[in-house]
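To keep things clear, I will list the structure first and then write my remarks on it.
Here, each number is a calculation from the coordinates, and none is a lab measurement. All values reported here derive from a predicted model rather than from experimental measurement. All Cβ positions, glycine included, derive from the backbone under ideal geometry; neighbour counts span all protein chains shown.
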Amino acid sequence: MSILKATNLNYSVGSSQLIKNVSFEVEEGSIFSIIGPNGAGKSTLLSLLTGDAKAEGIVEIAHQDINDWESKELALKRAVLPQSVSLNFSFKVAEVVLMGRSPYVNGLAEGPHDYEISREALKIVDLEAYWDRDYTSLSGGEKQRVQFARVLVQLCKDSFEESLAGKILFLDEAVANLDPTHQHQVFIILKRLQTQGLTVINVLHDLHLTAQYSDHVLVMKNAQMLTCDTMQKVMTPERLEEIYEIPFRVIDDPETDWPLLITG
């Protein structure tokens, strides 16, 4: 069953058409990745799917037009993690994570449970000791892990073990600034949340992460959707050469069930 459906999406800025007639569906509970060359329209497409930009065409979340969702209802349904978040004020790390609880507090002050689940989220991303740290003093990778904790507490109302069926996490190259250990940590967390029903839609440049963790892959090139299929059908040398215009090879590894890809 699909949780998101895009139909005939088009988007232009001035005379430049950034998205051309894109249509596809995302299966609920899947990890769905969007790949393609620089400037292909990946991040623009994601902004249309989240509702941050308005498209010609239709985006439906849970069979309802995204334009018909109330902002609070949408915040309870989906969370968005961009590649970087600009916060120039001296917020404490705790305050940044607690921002994710805003759909649940109804304008009131956060309660004990909001603090408890926010501390737990920082523990999950290995930043438990950073609760009182100045957010602006952190490295880029540490800031991104704090933001990941923020979207976790937005998606999970009561606990990190609850059902997440019907909820979507959008990520726009969100692991690009992380070291390999923490890149895989993020996806291991996402795979666990997937078993609880979470749908993940993410833009990726790293083809190894795409192959290892994706169920379905959509390819953008020249503002158009080139293909949308299972990971195994998309991540082939022939298809990748068509996308990136360089040769690829696959190395067989009996210990993995995903392709190991190298260029050249």
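Numbers for the structure displayed
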{"item": "Check on THR263, of a type in the set (S, T, N, Q) and surrounded by fewer than 12 Cβ atoms within 10 Å (Cβ to Cβ)", "result": "no"}
{"item": "VAL151, sole failed condition from (1) assigned to a helix (DSSP H, G or I); (2) of a type in the set (Val, Ile, Thr); (3) more than 20 Å from ILE117 (Cβ to Cβ)", "result": "(3)"}
{"item": "Residue satisfying all of: in region 69-103; touching an Asp or Glu at 6+ places or on another chain (Cβ under 9 Å) and charged (D, E, K, R); nearest to ILE117 (Cα to Cα) among these", "result": "ARG101"}
{"item": "Qualifying positions in region 78-97 - among the hydrophobic types (A, V, I, L, M, F, W, C) and out of contact with any strand residue (DSSP E or B) (no Cβ under 9 Å at 6 or more places or on another chain)", "result": "VAL85, LEU87, PHE89, ALA94, VAL96, VAL97"}
{"item": "Complete set of residues in region 153-164 that are more than 22 Å from PHE89 (Cα to Cα) and not aromatic (Phe, Trp, Tyr)", "result": "LEU155, CYS156, LYS157, ASP158, SER159, GLU161, GLU162, SER163, LEU164"}
{"item": "Helices (runs of 4 or more DSSP H) wholly inside region 182-264 that include at least 1 residues being hydrophobic (A, V, I, L, M, F, W, C) and touching a Phe, Trp or Tyr at 6+ places or on another chain (Cβ under 6 Å)", "result": "207-213, 237-244"}
{"item": "Test: residue in region 111-133 that is of a type in the set (D, E, K, R), more than 24 Å from GLN83 (Cβ to Cβ) and surrounded by 18 or more Cβ atoms within 10 Å (Cβ to Cβ)", "result": "yes"}
